Amino acid sequence: MTSANGEAVLKVNNLSVEYETPRGMLRAADGVSFELRPGQRFGLVGESGSGKTTTALALMRLTQLPGRIVDGEVLLDGVDLLGLSENEMREVRLAQISYVPQGAMNSLNPVIKVGNQIANGFKDHLDSISRSEISERIVEVLRSVGLDPAVSRMYPHELSGGMKQRVAIAIAVSLGPKVIIADEPTSALDVVVQREVMLTLRKLQEEIGAAVLIVGHDMGLMAQFASHVGVMYAGKLVEVGQVLDIFDDPFHPYTRALIASLPSTSRRHRLTGIPGLPPALLELPGGCSFNPRCDSVMEICRSADPSYDQIREGRWTSCHLYAEAAT
Amino acid sequence: MSAVLEADHLTRVFSRGLFNKVENVAVNDISLRVDDDNPSITVIAGESGSGKTTLASMLLGFMRPTRGEIRYRGRDIHSLKGDDWREFRRNVQPIFQDPFEVFNPVYRVDRILTQPAQLYGIADSEDEAHEMVEDALRQVGLRPAETLRRFPHQLSGGQRQRITVARAFLLKPKVIVADEPVSMIDASLRATVLESLRALKTELGISIIYITHDLTTAYQVGDSIYVLYRGSVVEAGNVENVVQQPSHPYTQLLMGSIPVPDPRVPWGDDLSPISSGDQRDVAVTGCAFAPRCPHAFDRCEDDPPHYRLDDDRAVKCFLYEDRPITDLESMLSKNTTSPI
Ligand SMILES: Nc1ncnc2c1ncn2[C@@H]1O[C@H](COP(=O)(O)OP(=O)(O)OP(=O)(O)O)[C@@H](O)[C@H]1O
Ligand SMILES: Nc1ncnc2c1ncn2[C@@H]1O[C@H](COP(=O)(O)OP(=O)(O)OP(=O)(O)O)[C@@H](O)[C@H]1O
Ligand code: SF4
Ligand SMILES: [Mg+2]
Ligand SMILES: [Mg+2]
C-alpha cells in the first residue's frame, strides 16, 4: 500500500484487537490497515464505540487487559513495534511515537508541577542532558505551544482546560517524534480554544515534519485539520482517502450518510441522522456490518463480508458496490 | 401572552478568597422569558466559563440568584411551596451537561425512567409506564432491550446524555433547560437527538432553553439567541440574523472559530491573532471583551456600552454608537419564533 510520493513512516497491517468479555470475545479493531507518511495528518473518525481509541492504543502498544492485540503488524520505519520487548518499546514511546490520550487534560499528574512533567521525558530519553539544558528545553517547548514559561512552575489545577491541553501537546512533541497520535485532543474545549490548540499542533507538526494521527468524530475538525481521513465502522476501517476526495465524493454509504448528516451554518435544514443504531459488536449482522442501515444494500451484503480494496490511487473502501472497481 | 417562566435581571456573584475577596460575576443582569402559547427554542451561547451553567442552575431553581428574580407563572419560584413547588419542578425540567452525577447509581435505567412516569401520574399502570419508557428510549436512538437493565455507569457518556433527553420526552414538561445536551454525542446521532428536541417543540409545544458553545447546532434548532461573554449578554436577536450577520466582535470570533465541515473553507483565517482567553482576572470597567477585541479603541476601556442596533437585535458594543438604543425588554416580549 506504499504510494509513489515518499516512504511511509508508519505502516499498520491487518491490526486486530479483542476484549475478553463475560459474553464472549469482542473484536473492537478488526483487520485495520493504513499508512502514514511524514507530514501527513490522518484523521480517524467513526461513531462512539467504533474502535478508534482501541486502534490508537494498540499502535502505542498500550492495550490493557482484558484487551489483547491478536493479529497484525505496526511498522515504524520498518520495525514491527509488536515484536519489541517492553524495554525497547519504552525507548520508542515519546521519542519516536508519542500519544496525547483521550481526555489528556485529566491525564496530567495533579501533584507534579508542569515543568517537572515535561522534564521527565528529557531525563528518560536523553542520557547526558544537564539540568540547565533541561530548563532551557522546557521554556522552549512551553513557548512553542504558546504558553508563558512561568507555567512550568504551576500545577495542572491552576490551568484552564485549553492550557492543560497545550501542556499535553507540549509533552507529546518535546522529543520531536516521527509520529504523534492524539485522541480527541479538543473535544472538551470550546470552539475558540479548540481552533487555537489545533493550529498550534499543526504548526509544531509541520516544523518537526511529524505525521499525526488524530482521532475524533467531528467531521468539521477533520475537514479543517486533516490531510487524509479514515472512517471506522464497527471495528473496521471502511474508507480511506485524501480529505478533499472524502468530502467531495464519499464512496462508502456510511461515509456518505455521515457527511449528509452534518449541520451547516449557511443554511437551515431539517437534520437527518443516519437511520438505525450502531451495531452491538458481539452481535454483528452477517456480511457487511453496515447492511441493516445502508440505503444501497444488496443481496450479497447480507451474506458476504466486503473486502477492503484500493478503488483508486489512495482511495480504499470496503463495500460490495465497488467490487468491480477494485484494482 | 402569558409567561410560564421569566427571569428578571438575574445576577449571580461568586466570591473567592477569605480575606482579599475577589468577586466573580458569573451571570450579569440577564432577563429572558418563555411564553405559554408560543413554544420556542432559545439559545444561550458562549465560551467555557461564560456563565451558561450558572444561568441554567438558577432557572431550574437549583441556585439562588444574588440579585433578580425567577418567576414561574408570575410567582417568584423561591416563594413556592408544596404542590406549587412540585408543579414548577415537574414543568421545568433539566437536561444536564454532565449526566454522570445526575442519576442514582444504584438504580437501573428501567427504574430511573419508570419512577418519575408513575410519580407524576403520567402513566396509569405499570405496563403503560413501561411502554412509554420504551417509546421514549427509541425516540433518542437507544435500544430498550439493551439499555433498561443497565446501571448508569454501564452506559457511555453519550448514552447517559440521551437517557436524560428520554426522561424529558416522558415527562412532557412546559419548559426544558438543556445544558449542552449533545456535547457527548457523535455527529451521526446528534442530528437525531436535535431533531427530537425540535419535535418536542413543534409537536408537544414544549419550550426549550438550549445552552451550548456550538453555534452550528444552535443555528439548526434555535429561534432566538443570547450570546454570553463573561456573564453578560453581548448580542441577542433572532438566530438567523445573528448567525448570518454576527455583529458583536465576540460573536464574530465564535463564528469564525467553527471548523466548517468543508475542506475548501478556510478556518478563521481572517481572525486576528489576539483571541486567547484566560483573561479572567482583568478588572472590567468598560467593555468586558475589550482586552481581546481586535477593534477596541480608547472608549472601550472606560465605560460599558449600551445595547444598540435595531428593533430586533441588541449588540453591546461601541462600534454601533451611531445606532439607536435597543430596548431589550420589549424585544424579549416580541414573538421571535421563526418558521421551520
Ligand atoms: N476495557 C474494555 N473492556 C471491554 N470492552 C471494551 C473495553 N474498552 C473498549 N471496549 C469496547 O470496544 C469497543 C470500541 O471502543 P473504543 O473505546 O475503541 O471506541 P471509540 O471509537 O474510541 O469510541 P469513543 O468515540 O466513544 O471514544 C466498544 O464497543 C467498547 O465498548
Ligand atoms: N459553584 C461555584 N462556585 C464558584 N464559582 C463558580 C461556581 N460555579 C461557576 N463558577 C464560576 O462562574 C463562572 C461561570 O461558570 P459556568 O459553569 O456557569 O460557565 P459555563 O458557561 O457553563 O462554562 P462551560 O462551557 O465550561 O460549561 C466561571 O468563572 C466559574 O469558575
Ligand atoms: S457493502 Fe452493501 S451494505 Fe455495506 S455499505 Fe456497501 S452497499 Fe451498504
Ligand atoms: Mg475513544
Ligand atoms: Mg457549563
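Brief remarks on what is shown
- For the stretch A:1-142, projected area of the alpha-carbon convex hull averaged over all directions, nm²: 11.1 nm²
- Distance histogram for the stretch B:57-161 (every C-alpha pair counted, 10 angstrom bins, percent rounded to whole numbers): 13, 36, 32, 17, 2
- C-alpha long axis of helix A:161-173 to longest principal axis of chain A, angle in °: 90 degrees
- All Cα-Cα separations within the stretch A:208-327 were binned at 5 Å from zero, giving a P(r) of 2, 10, 20, 22, 20, 14, 8, 3, 1, 0, each value a whole percent of the pairs.
- For chain B, share of DSSP beta bridges that run antiparallel, in % to the nearest 5: 65 percent
- Cβ neighbours within 10 Å from other chains - mean over A:184-193: 6
- Comparing B:Ser330, B:Ser183, B:Ser224 in a Gaussian network model of chain B where C-alpha atoms under 10 Å apart are linked, the largest mean-square fluctuation is found at B:Ser330.
- Taking chain B as a Gaussian network of alpha-carbon nodes connected by springs under 10 Å, the highest mean-square fluctuation of the residues B:Val165, B:Val175, B:Val193 belongs to B:Val193.
- Partner lysines for A:Lys164 [C-alpha distance under 21 Å; skip if fewer than 8 residues away on the same chain]: A:Lys113, A:Lys203
- The residues of the stretch B:42-178 have, on average, 46 Å² of accessible surface per residue, using a 1.4 Å probe with all protein chains present.
- Within 10 Å of each Cβ in A:212-224, the average number of Cβ atoms from other chains: 4
- From the Kirkwood radius over Cα pairs of the stretch B:200-257, Stokes-Einstein at 20 °C and 1.002 mPa s returns a whole-number translational diffusion coefficient of 179 µm²/s.
- Global geometry of the stretch A:30-109, whether rounded, prolate or oblate, following the gyration tensor of its Cα atoms and the 1.5 cut on a/c: rounded
- The GNM of chain B, with springs linking C-alpha atoms under 10 angstrom apart, assigns the highest mean-square fluctuation among B:Asp303, B:Asp36, B:Asp135 to B:Asp303.
- Taking the longest Cα principal axis of chain B as reference, the axis of helix B:126-139 is set at about 40 degrees.
- Among A:305-317, A:206-218, the peptide with the highest mean count of other Cβ atoms within 10 Å heads the list, and the full ranking is A:206-218, A:305-317.
- Placing unit charges on the Cβ atoms only, positive for Lys and Arg and negative for Asp and Glu, gives chain B a dipole magnitude near 940 debye about its Cα centre.
- Percent of beta bridges antiparallel (DSSP, chain A, rounded to nearest 5): 60 percent
- Gyration tensor verdict on the protein assembly as shown (Cα atoms; rounded if a/c is under 1.5, prolate if a/b is larger than b/c, oblate otherwise): oblate
- This model, with +1 at the C-beta of Lys and Arg and -1 at the C-beta of Asp and Glu, gives the stretch A:186-327 a dipole about its Cα centre of some 420 debye.
- Farthest towards the positive end of the charge dipole of the stretch B:14-159, among the residues B:Thr114, B:Gln93, B:Thr53, is the Cα of B:Thr53, using unit charges on the Cβ of Lys, Arg, Asp and Glu.
- For the residue pairs A:Lys52/B:Lys172; A:Lys236/B:Lys172; A:Lys52/A:Lys178, the alpha carbons lie more than 31 Å apart in A:Lys52/B:Lys172; A:Lys236/B:Lys172.
- Nearest 10 degrees, 0 to 90: helix B:109-119 Cα axis against chain B principal axis: 90 degrees
- When each of the peptides A:283-294, A:249-260 is scored by how many other beta carbons lie within 10 Å of its residues on average, the order from highest to lowest is A:249-260, A:283-294.
- Only Cα sites of the stretch B:104-211 enter the Debye sum here, all with the same form factor; the resulting log10 I(q)/I(0) across q = 0.12, 0.13, 0.19, 0.24 1/Å is -0.38, -0.44, -0.98, -1.47, listed in q order.
- In the stretch A:196-327, a dipole from Cβ-located charges (positive for Lys and Arg, negative for Asp and Glu) runs towards its positive end, and of A:Gly216, A:Gly273, A:Val229 it is A:Gly273 whose Cα lies farthest in that direction.
- Shielding score for A:45-53, defined as the mean number of other chain Cβ atoms within 10 Å: 3
- FRET efficiency for A:Glu207 and A:Asn106, using Cβ-Cβ distance with R0 set to 22 Å, rounded to 0.05: 0.20
- Of the listed residues B:Thr114, A:Thr63, the order by accessible area with a 1.4 Å probe, largest first, is A:Thr63, B:Thr114.
- With every protein chain in place, chain A: carbon and sulfur % of accessible area (1.4 Å): 48 percent
- For the stretch A:242-262, heavy-atom accessible area (probe 1.4 Å) falls by no less than 40 Å² from the chain alone to the full protein assembly at A:Leu244.
- Residues of the stretch B:189-213 buried by at least 50 Å² on assembly (accessible area, 1.4 Å probe, chain alone as reference): B:Ala191, B:Glu195, B:His213
- Only protein heavy atoms count here, probed at 1.4 Å, and on that basis chains B and A bury about 3900 Å² of accessible area in total.
- Gyration tensor (alpha-carbon) shape descriptor, chain B, a/c threshold 1.5: prolate
- Across the stretch A:41-151, Cα pairs under 8 Å and at least six residues apart give a relative contact order of 15 percent.
- For the stretch A:158-261: accessible area per residue (Å², 1.4 Å): 24 Å²
The values are calculated or read from the model by the stated rules, or taken from the named source; none is laboratory data. Worth saying up front: this structure is predicted, and the values here are computed from it rather than measured. Methodologically, a virtual Cβ is constructed for each residue, glycine included, from the backbone with ideal geometry; neighbour enumeration extends over all protein chains shown. All accessible areas refer to the heavy atoms of the entire protein, side chains included, with ligands and DNA or RNA removed. Shrake-Rupley method; radii C 1.70, N 1.55, O 1.52, S 1.80 Å.
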